[in-house]
Every structure is written in C-alpha cells, then in structure tokens.
Amino acid sequence: MSTNKDRQMHLVAQLPSGQGIEQGGWRWPGADKAAFINEDIYVKGAQLAEKGKLDGFFLTDTPAVYINVKEMPPHHSFDPLMLTALMAKATERIGLITTMSTSLNEPYNIARAMRTLDLFSKGRAGWNVVTTGAGPALLNFYSGILNHDEKHARSTEVWEAVLKLWGSWHKDALKLDVDSGVFADDTLIQPINYKGKYVTTKGPINMPPSEQGMPVIFTAGGGNYGYDFAATKADAMYSNPPTLEYATAFWKSMKASMKQAGRNPDQFTVFNGIGVSIASSEKEALERRAALDELGDPKSRLRYLGHMLNIPITGLDIDKAIPPELLEIAYPSPSDHRSKYAYDLAKKNFTIREVLAHGPINYHPIFMGTPESIADKFQQWFEAGVGKGFSVVPDSGLDSLTDFVEQVVPILQRRGLLREEYTGSTLREHLGLPYQNGLPEQKTKTLIAKN
Ligand SMILES: Cc1cc2nc3c(=O)[nH]c(=O)nc-3n(C[C@H](O)[C@H](O)[C@H](O)COP(=O)(O)O)c2cc1C
C-alpha cells in the first residue's frame, strides 16, 4: 500500500549567479545587479528553501568564465563550499548540496572539505560528483588535459578513494573518555593505502563521521559515464530534461539500469531542473517571460528558434505569428528535443515573442503561470514518473524564490505532495536513505592493525 510519503515529491532550490539562469536577470527591476557576489543572497535563499521545507539547496559549480561576461554574470563565482559553510550556520534542517569535480580535486581535499561541511551542518551535506566537461574549467587546472576515458577512470578512482577515506574513521572510534584518558580507539581509525592509476592517498581521514555518516552522493552528468555513475554509485541525480517525455523515458531507463545493478530505485531521486515564472494570471506570466527575454539577447534567441523550426524568421515582426506559408514548410529539428514544443506553440498562432516567452529554448523547461497552474505542472510531471524530484530555478532571484515558497509550496502541501514539516534532521533522512559511512564493504570488514 502506498503511504503518504510515497506520494511526496522531493524539491531542492538553486540560485545560479545569485539570481537565476536568465541572461538578463541581473537587469530585472529591483534585482541586486551584483547578486553573484553577494553571499547574503545565497544564505537567504537557503533559509527560504528551509522555510518551504525543501530537501535541499543545490549549488552547481564550474570554476571558469565560460559565458559572455559582457552581457551577464558568470554562472559560478563564489566557491560553493564556502557558501554552504555560511548556510550551515544560518539554517537547521535544509540539506546543503555542493559540487566538487573529480577532475579538479584530489580525493583527500574532497573527503576533508565535504566531511567538514557535514559536521558543520550536523549531517546535511550532499556531494555533487561531476567530471566537468572539456573546456574552460579544465584549462584552469591542467597544462595537459586528460582525455575523455582518463577523466572517467580518474573519476571512479576519486569516488572510491573519497568513500574509503570517509569510512577510514569508524563511527564508534571517538571515545572522549576523560577518566581513562582514551580520546579515540585508534584501531578504528585506519589508513586506506589507496593507490590507483591516477590518485593516491594513504588516509585515514582526520575527523569522525557526521550524524548521517557521510554526505549524500549526488551526480550531474550527461553521457554514458554520467548515466552509469548515477545507476551504480549515486543516491540522487541532477538532470536537465528538455521535455516531459524525455524525463519519463529517462527515469524508466534509469530504474531498469538500477535494478540490473541490484539497487533499489525507491532509494534514488532524480532532481529535474525546472525554471519557474510566477504571476497572477497566465497572460501576466507570458508578459513577464517576454520582458525577461527582452533584457537578454532577443536576436540570438530568434535565430535559434529559426534553427529549431527550419525556417528563416530573423526578418519577421516578432509581435506577429509566423505566417502560414512559412509554417507550412516548418518542421521540428530532430537534433533538439525541445523543437517539437516550439513547433506546437507556433502552430497555435502565438506571436513569435510569445513562442519564445514559453521557454522552448531555455536551459530548463519553464513552468509559468499562476501558483495554481504551476502546482498543476509539478503534479503532472511527478505523477507521470520522472524520478520524484525537481530542482527549482526561480526566474529572478530571491523575490521569485520567495513567491515560489509562499505561493506554490502551500498548494503542493495542501495536495499532500510535499511535506509540511521535516520529519528527519539529516539529508539522508529527508531523502529516505539509510546511514552510511564509507563503502558498504568497509562496514563489515574488521579494521585491521595500522601500518
Ligand atoms: C545537468 C548537468 C549539470 C552539470 N553540472 C556540472 C557542474 O556543476 N560542474 C561541472 O564541472 N560539470 C557539470 N556538468 C558536466 C558533467 O560533469 C560532465 O562533465 C559533462 O556532462 C560531460 O560529460 P563527459 O565527462 O562524458 O565529458 C553537468 C552536466 C549536466 C548534464
């Protein structure tokens, strides 16, 4: 029998650049134009997400400038670990998930930093494992870039070494026995002597596990390696599905792969990235989106829409619908999953501006409209089977995250789709995961005498 909890979705919030992912978001009326370097905004974001009883606040990270900084802030600026450390002290229950790349860090750095965060937050940390795509970030770290296969082989080693480091300090090791003078049972704190092809670390880690043991393992990655990592090693995944159909097919396939790997898909959450634009009517929401688009780079969006529909539209009046003679020869581009949505909108006679405002070419699918209709969309996707979770990206900073928490969250709660109170205190508990410290085999293996 399904319990109420089985009917509940999992949500995390994101605030890329301190404001969202819209190119012109920094120009939005009332926005802090330099939000990307205002740490208070991120901390307030985490507090707001906690007010909405969300599972976590999520920080992606690519340490490089890889967008057109002439027109928008870098997607990632502050070191996310430092932000989560601030958040840990300003919140009590919300999970704090941060990204550390397996290509840009040594295992001991990751194990130590993430355990520090886990202890600061009393068991609320999540490590988002990424390999980092080729390009600017890798160039900031290497003189010779690892090739694709080497990057993935290194990633598996880093993951294994980090988990072993975490497991190298047993949960019962700390004694703090003043009378006998025994601070810790050192037979339960042992080196791991990890020697891989790419990384080496002796261990042990230098602090005990947190209330949840070790951080929850998230991952965000495309390609075969990212998929396999999620299916065999991660507890949760951040995904960027272009459409609902893609998201349901992805989860179906992921569930099958997890079962094949002997894992329980009920203990795994896919956090589907969704952009949210809230207004008091559908019409206002469309206007809001169109205004945001206008602050970005409307010309390049128009060009891209033309590619999606395979027709020349750059010379057309964007406040008119695409003329029927052009629509007749248009077809959705097979190389972009989102093209069919753009095509369907154009067929419905929306003006070009309105087609774009619906978000068919945005990084995330956009849920726009009234709080009620946005809640309907979350429910529709959740019930269609997309892996239980969403990563909510507001369209313009704290104000829109506030609207989400104050207007959409209560509707989802009333429908029984979202928790009204936290029942656990760790991120593992929020996500229905058991305590874990290190690799499963480390739990049973007796820690042997140190060398
Ligand atoms: C939804 C999504 C989010 C990602 N977030 C990050 C990130 O925050 N930091 C990062 O370095 N790479 C990120 N990546 C890149 C992946 O780690 C990975 O390198 C990329 O998908 C290319 O795969 P490859 O390793 O097979 O080249 C992300 C990828 C996807 C699909």
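The values are calculated or read from the model by the stated rules, or taken from the named source; none is laboratory data. Remember, it's a predicted structure, so these values are computed and weren't measured experimentally. So basically every Cβ, Gly included, is an ideal-geometry build from the backbone, and we count neighbours across all protein chains shown. In case anyone asks, the SASA skips ligands and DNA or RNA and just uses the protein heavy atoms, side chains included. Shrake-Rupley method; radii C 1.70, N 1.55, O 1.52, S 1.80 Å.
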Q: Taking amide H positions as placed in the peptide plane 1.01 Å from N, state which residues far from LYS175 in sequence (5 or more) or on other chains have amide H under 5 Å from it.
A: ALA184, ASP185
Q. Accessible area, 1.4 Å probe, largest first: how do GLU22, GLU372, GLU325 sort?
A. GLU325, GLU372, GLU22
Q) Helix 107-120: angle to the longest alpha-carbon principal axis of the chain, degrees 0 to 90, nearest 10? A) 90
Q) So what's the angle, to the nearest 10 degrees on a 0 to 90 scale, between helix 371-384 and the longest Cα principal axis of the chain? A) 60
(Q) Run the helix sum for the chain: -39,500 (n - 2.57) per DSSP H stretch of 4+ residues, divided by residue count, reported at 222 nm to the nearest 500 deg cm²/dmol. (A) -11500 deg cm²/dmol
Q. What accessible area per residue comes out for the chain, rounded to a whole number of Å², with a 1.4 Å probe?
A. 45
Q. Once phi is turned into θ = phi - 60°, what whole-Hz ³J(HN,Hα) does the Karplus curve with 6.51, -1.76 and 1.60 give for every residue of the range 324-337, x standing for Gly and Pro?
A. x, 5, 7, 4, 4, 9, 6, 8, x, 5, x, 8, 10, 3
Q) Can you list the residues, at least 5 places off or on another chain, whose amide H is less than 5 Å from the amide H of LEU96, using H built in the peptide plane? A) PHE57, ALA125, GLY126
Q | Loop-located trypsin sites (Lys or Arg not before Pro) in the range 22-126, at most 16 other Cβ atoms within 10 Å (DSSP) | A | LYS33, LYS70, LYS122
Q) Taking the alpha-carbon centroid of each part, what is the distance from the range 56-105 to the range 158-205 in angstrom? A) 28
Q. Residue by residue, what Karplus-based ³J(HN,Hα) values in Hz, rounded to whole numbers, does the range 25-37 have, using 6.51, -1.76 and 1.60 with θ = phi - 60° and x for Gly and Pro?
A. x, 5, 9, 5, x, x, 6, 6, 5, 10, 4, 5, 10
(Q) Can you list residues from other chains, or at least 5 along the same chain, whose modelled amide H is less than 5 Å from the amide H of VAL129? (A) PHE218, THR219, ALA220
Q.
With a cut-off of 8 Å between alpha carbons and a minimum separation of six or more residues, what is the relative contact order of the range 301-451 in percent?
A. 14
Q: Go through PRO360, LEU174, ASN349 and say which Cα lies farthest out towards the positive end of the charge dipole of the chain; charges sit on Cβ, +1 for Lys and Arg, -1 for Asp and Glu.
A: LEU174
Q.
For the range 139-262, what does the relative contact order come out to in percent, with C-alpha contacts under 8 Å and a separation of six or more?
A. 18
(Q) At 1.4 Å probe size, what's the solvent-accessible area of ASP266? Round to the nearest 10 Å². (A) 120
**Q.** TRP381 accessible area, assembled protein chains, probe 1.4 Å, Å²
**A.** 20
Q. Hey, what do the phi angles of the range 220-230 turn into as Karplus ³J(HN,Hα) couplings, whole Hz, using 6.51/-1.76/1.60 and θ = phi - 60°, x for Gly and Pro?
A. 9, x, x, x, 5, 5, x, 5, 5, 4, 4
Q: Classify the range 27-149 as rounded, prolate or oblate from the Cα gyration tensor: take a ≥ b ≥ c as the square roots of its eigenvalues, call it rounded if a/c is under 1.5, otherwise prolate when a/b beats b/c and oblate if not.
A: oblate
Q) Using a 1.4 angstrom probe and counting only protein chains, how large is the accessible area of GLU287 in Å², to 10? A) 90
Q: Whenever you get a sec, line up GLU50, GLU441 from highest to lowest accessible area (probe 1.4 Å, protein heavy atoms).
A: GLU441, GLU50
Q | Cα gyration tensor shape of the range 83-228, rounded if a/c is under 1.5, else prolate or oblate by comparing a/b with b/c | A | oblate
Q: Give the distance, in whole Å, between the Cα centre of the range 340-373 and the Cα centre of the range 280-304.
A: 10
Q.
At R0 = 22 Å, how high is the FRET efficiency between ASN193 and MET82 if r is their beta carbon distance? Nearest 0.05 is fine.
A. 0.10
Q) Taking the Cα atoms only, what angle lies between the long axis of helix 80-90 and the longest principal axis of the chain, rounded to 10 degrees? A) 80
